[in-house]
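The values are calculated or read from the model by the stated rules, or taken from the named source; none is laboratory data. These figures come from a predicted structure and were not determined experimentally. Glycine also receives a Cβ, built like all others from the backbone with ideal geometry; neighbour counts cover every protein chain displayed.
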Amino acid sequence: MKNLFKYFENYFLSLIVKFFRKAKTKKKIPLDDDSKLLIIILRNNSEALLTTPLIRIIKKNSNAQISILTNLGNRNVFKNNSDIDQIYIAENTFSKILSHSKSLRQLDYDVLINSGEIYSEAEIIYSALLKAKYKIGFADIEDKIFSHLIQKPNPAVTHFVDRTLHLCDYFYFEVDKTNLNLNCSTTKDADDEIDRFLLSVFDSSKLLVIVNISSEINKNFWGVENYK
């Protein structure tokens, strides 16, 4: 019975892709403070954090109304981010995703951006069913649902942040990476707890530099050689 349900889900998914495909174009997309933009980020915490420079660049150059559709576990990554106007939490079952997509479809966005490089079932459904004049995504097997395609940069030589920033290629503004940084707001209690931990382990009279070059999945691991 489980296999039968999965068969019908896959069949229905193929119909969604077929009937909600977008005509391809390379024309530039206008953005201003009246524009409504949705960014889909259905990934882990590290990828969610690494998309914040993309959000900052778009907000800085357009002042558009930016909404985020993300996993429940990523809420704290985007919470209190002044560049984000609204956060929506994605559903995780086929039927609930369909229902949620129908609800969000009423918001009628100007631009939808799917930041994923490999699309999950949920990303495909949300990207296809949500209404937006323009839809931007990386070229993939299910890229029929996007109007504007970005060719995937080589992850072996291109950092995740730089790859994600290519999603701005169809906007009129130039991406200025000067002073670009990750953006995550933390509470004072959390900051104090981290301070106490660091002081308990490291000598406060010495400069402390922490570099994390790890990644949960190989496609996000930039490689040790790139840090030398």
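The table below gives the values:
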read-out: Check on K59, in the same structural domain as I84 (by TED's automatic domain parsing) and loosely packed, with under 11 Cβ neighbours inside 10 Å; value: no
read-out: Number of the condition not met by R105 [criteria: (1) closer than 14 Å to A48 by Cβ; (2) surrounded by fewer than 15 Cβ atoms within 10 Å (Cβ to Cβ)]; value: (1)
read-out: All positions within segment 1-55 that are within 18 Å of D108 (Cα to Cα) and among the charged types (D, E, K, R); value: R21, K22, D32, D33, D34, K36
read-out: Wholly within segment 58-119, strands (runs of 3 or more DSSP E) carrying at least 1 residues that are touching a Lys or Arg at 6+ places or on another chain (Cβ under 7 Å) and of a type in the set (S, T, N, Q); value: 65-70
read-out: Residues of segment 15-54 classified as surrounded by 12 or more Cβ atoms within 10 Å (Cβ to Cβ) and out of contact with any strand residue (DSSP E or B) (no Cβ under 9 Å at 6 or more places or on another chain), total; value: 11
read-out: Residue satisfying condition, being surrounded by 19 or more Cβ atoms within 10 Å (Cβ to Cβ), within 20 Å of L180 (Cα to Cα) and at pLDDT 95 or above, within set A132, A64; value: A64
read-out: Residue match in segment 193-212 (condition: out of contact with any Cys (no Cβ under 7 Å at 6 or more places or on another chain), modelled with pLDDT under 90 and closer than 18 Å to T52 by Cα); value: yes
read-out: In segment 153-182, the residues that are farther than 11 Å from P53 by Cα, among the aliphatic types (A, V, I, L, M) and under 16 Å from the mean Cα position of the chain (by Cα); value: L167
read-out: Residue within segment 130-137 that is outside any loop (DSSP other than H, G, I, E, B) and more than 21 Å from D34 (Cα to Cα) present; value: yes
read-out: Candidates A64, A132 - the one that is under 29 Å from T186 (Cβ atoms) and in contact with an Asp or Glu (Cβ under 8 Å, 6 or more places away or on another chain); value: A64
read-out: All positions within segment 92-147 that are touching a Gly at 6+ places or on another chain (Cβ under 8 Å) and aliphatic (A, V, I, L, M); value: I113, I145
read-out: Segment 79-90, residues that are touching a residue at least 60 places away in the same chain (Cβ under 8 Å) and surrounded by 15 or more Cβ atoms within 10 Å (Cβ to Cβ); value: N81, D83
